[in-house]
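The values are calculated or read from the model by the stated rules, or taken from the named source; none is laboratory data. Since the structure is predicted, the reported quantities are computational estimates derived from the model, not experimental observations. Positions of Cβ are backbone-derived with ideal geometry, glycine not excepted, and every protein chain shown enters the neighbour counts. Please note that ligands, DNA and RNA were not included when accessible areas were found on the heavy atoms of the full protein model with its side chains. Shrake-Rupley method; radii C 1.70, N 1.55, O 1.52, S 1.80 Å.
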Amino acid sequence: MSATRTKTEMLLLTSDDYVVLGEADFGAPGLTATEIIGPFVPLQACGPLIMVHDALVEPQLGIGHHPHRFNERLFYILEGSLNHDDSLNGIKGFMGRGDVARLTEGMTGMLHKEWNNGGERTHAFILVYETRPVPERASFAALRDAEAPRYEEAPGVQTKELVGPRAGLEVHGDIRFFADSAVEAGATLGVDLAEGEGALLYPLEGELRTDDGLTLRSGNALILPPSDARRRIALSARSAARVLRVEHGPGRGLMTGKPRLQRAGA
């Protein structure tokens, strides 16, 4: 794992720390996912997060019905759309641009298909995390783009809240805050973490610098593992930036390990 560590125990991940999964791994054409956290990369869990994917789905393609159980996942649709079909439970749902959808597997599990029925490529940021306690039944819910709270979090920082006290989308795992923030050049985004909390920051655009001099660019991921101490991290935008932010509870702490072989190399 080539991640850069800092004195405040942050990990800066770059493309060298990721793996790109494709048709040979999913068994489906037109689907690629950059794995940031998960079984195929060295960083295999942070708090309750057990998988984080930055995924692309080509038009009229996707992944067919396959099973999952016990965990929950959030799909944040950055571009395009996806249709959800859980044939085991008879649940269908739609995720459009700007929507965040919650797919709960539950004790029953789900047999789901995620398909791009539209005419443009879909870009989805996907979180998978543990649920405690595990809900009895599978379910689907979505916070629509137009309903997501938007506010000025700090001078020059406009935040769209996806999960949190204002958003109203209930989750069944220890995801405490999920947001998409636009940061003007020269503005500062502050991240305040309580005892036991951790965070992931993933810039979609621009460049930011932490208060101890670490530079975070589009495509990097900044990991703040759960800690016993309270922390505040300040990120100053060197250029206009857009950053996804996930704040979570302690979960599994920080787990690293030997990546599982991809199917293509197995």
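In this structure the amide hydrogen of Glu207, modeled in the peptide plane, comes within under 5 Å of the amide hydrogens of Arg238, Ser239, none closer than 5 places in sequence on its chain.
Please get the size of the charge dipole for the chain, origin at its Cα centre, with Cβ charges of +1 on Lys and Arg and -1 on Asp and Glu, quoted in debye to the nearest 20.
300 debye
Of the residues Met107, Met51, Met95, the one with the largest accessible area comes first in the ranking Met107, Met51, Met95, computed with a 1.4 Å probe on protein heavy atoms. Rolling a 1.4 angstrom probe over segment 37-99 with all protein chains present gives an accessible area of which 58% lies on carbon and sulfur atoms. Taking θ as phi - 60° and the Karplus parameters 6.51, -1.76 and 1.60, the scalar couplings of segment 163-172 work out to 9, x, x, 9, 6, x, 8, 6, 10, 10 Hz in sequence order, x denoting glycine and proline.
Close amide H partners of Thr131, meaning residues 5 or more places away or on another chain with modelled amide H under 5 Å apart, are Glu72.
Evaluating 6.51 cos²θ - 1.76 cosθ + 1.60 at θ = phi - 60° for every residue in segment 56-68, the Karplus couplings come out as 10, 10, 6, x, 6, 9, x, 10, x, 4, 8, x, 9 Hz, glycine and proline recorded as x.
Only the Cβ atoms of Lys and Arg (+1) and of Asp and Glu (-1) were treated as charged; on that basis the dipole of segment 165-259 about its Cα centre amounts to roughly 200 debye. Normalised per residue, the accessible area of segment 190-266 is 47 Å², obtained with a 1.4 Å probe and no contribution from ligands, DNA or RNA.
With a 1.4 Å probe and every protein chain left in place, tell me how much accessible area Ile233 has, in Å² to the nearest 10. In the full protein context, Ile233 sits at about 10 Å².
Between the amide H of Ala154 and any residue lying 5 or more places away or on another chain, no distance stays under 5 Å, with hydrogens modeled in the peptide plane.
Report, in deg cm²/dmol and to the nearest 500, the calculated mean residue ellipticity at 222 nm for the chain, where each DSSP H run with n ≥ 4 adds -39500 (n - 2.57) and the sum is divided by the residue count.
0 deg cm²/dmol, from helical runs alone.
For His172, the accessible area of its heavy atoms, probed at 1.4 Å with every protein chain present, is near 50 square angstrom. Computed over protein heavy atoms with a 1.4 Å probe, the carbon and sulfur contribution to the accessible area of segment 135-178 reaches 45%. Relative to the Cα centre, the charge distribution of segment 1-153, modelled as +1 at Lys and Arg Cβ and -1 at Asp and Glu Cβ, gives a dipole magnitude of about 320 debye.
For segment 1-98, applying the loop criterion from DSSP together with a ceiling of 16 other beta carbons within 10 Å to the trypsin sites (Lys or Arg not before Pro) yields Lys7, Arg69, Arg97.
Calculated FRET efficiency, Asp192 to Lys92, Cβ-Cβ distance, R0 = 45 Å: about 0.70 to the nearest 0.05.
Couplings 3J(HN,Hα) for segment 235-240, derived from phi with the Karplus relation 6.51 cos²θ - 1.76 cosθ + 1.60 (θ = phi - 60°), are 10, 9, 7, 7, 9, 3 Hz, where x marks Gly and Pro.
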